[in-house]
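Here the structure comes first, spelled out in structure tokens, and everything after it is commentary.
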Amino acid sequence: MKLPISELSKTFIKCSKCFDQTEGKQHLVECWPPRGWGGPEDIKEPRLMFVSLNPGHPFPSELEILRKYFPNGLQSRESVTEESARAIADFCWDSYCNPKANRDYLFHKRSVAYAKLALWLLNADPDKWQQHCWFTDAVKCSTWEETKANIPNDIYKSCQPHLKQEIETIQPNAIIALGGMAYRKTLETIKNINGTTKKVPVAKFLHPSRWHKLYYDDPSKEQSNKQLPDFLKFAQALEDNKIRLDDFKQFRKKIQDALTNSKTK
């Protein structure tokens, strides 16, 4: 399926609804346009969509792209071109395909580990994840905080049509939400979609930045044993390139059962 990436990007970048809100506007980085989505132009089945909550403040390498195509910040968005719209999506996609040393390196690397494991669960080739996965955020505008961002509900509602448009366009076989809030906002969006995409399964996985909770030895500390522990442990192993498909198959049925349970919660 061919995706209209430039058209999607233009729509998202030109949107100013979040900044029209009187409440919560102070949580947004007003100097830069929306960002945080990307994937292959020709996406193949099984199609997977990964939804995070929000992009934080741009890191230096990303600022170079933004300054090049949007020299006047948000004021430049009305004159967005196909080239500049595509550049935003391509930068995000490249962050997953070729993660570089910056503050989001682990997030992108671990998200790819999730993608590979999800394809294993669907009996697809994990090494071809770049043909099957679309990554996006529930909120497209940059926030000052990337974790535990205090985003008011009006902002989510303003961005909801964009996530809805992505789901309707990509028609994913499954949606994987990274974190509890991203999961809830994705479910809210799904409820507002008519047609067959309304039935797309949504699974909630532990946010990649919280993988450290897998390794607490102290039983008094918060555990992640309620969030697919085997899946996450194998994601960690895959990140370190210490696992083979044959080693994983013996766990597949148990993990698929856990994944099915996570969809119904």
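Treat each spin label as a single point 7 Å out from the Cα along the C-beta direction, and report the Cys97 to Asn173 distance in nm.
The answer from the label model is 2.2 nm.
How much length would be gained if the chain were fully extended between Glu7 and Arg184, taking 0.36 nm per residue of separation minus their Cα-Cα distance, in nm to one decimal?
The span from Glu7 to Arg184 would gain 61.0 nm if fully extended.
Taking neighbour Cβ counts within 10 Å as the exposure measure, how do Lys199, Lys109, Lys10 sort from fewest upward?
The most exposed by this proxy come first: Lys199, Lys109, Lys10.
Taking a threshold of 23 Å on the Cα-Cα distance, which of the pairs Lys17/Lys164; Lys140/Lys191; Lys10/Lys116 fall above it?
Lys10/Lys116
Tell me which of Leu48, Thr81, Leu106 sits at the most positive position along the dipole axis of segment 45-119, charges placed on C-beta atoms (Lys, Arg +1; Asp, Glu -1).
Value: Leu106.
Please find the FRET efficiency linking Lys191 to Asn72, where r is the Cβ-Cβ separation and R0 is fixed at 30 Å, and quote it to the nearest 0.05.
Numbers: r = 38 Å, r/R0 = 1.26.
For R0 = 30 Å, the calculated efficiency reads 0.20.
Pick out, in residue order, every one of the chymotrypsin sites (Phe, Trp or Tyr not before Pro) in segment 84-170 that is DSSP loop and has at most 12 other C-beta atoms within 10 Å; say none if there are none.
Trp144
Read-outs throughout are calculated quantities, based only on the coordinates presented, and are distinct from any laboratory measurement. All figures in this text were calculated on a predicted structure; none of them were measured in a lab. A quick note on method: Cβ atoms are made from the backbone with ideal geometry, for glycine too, and the neighbour counts reach across all protein chains shown.
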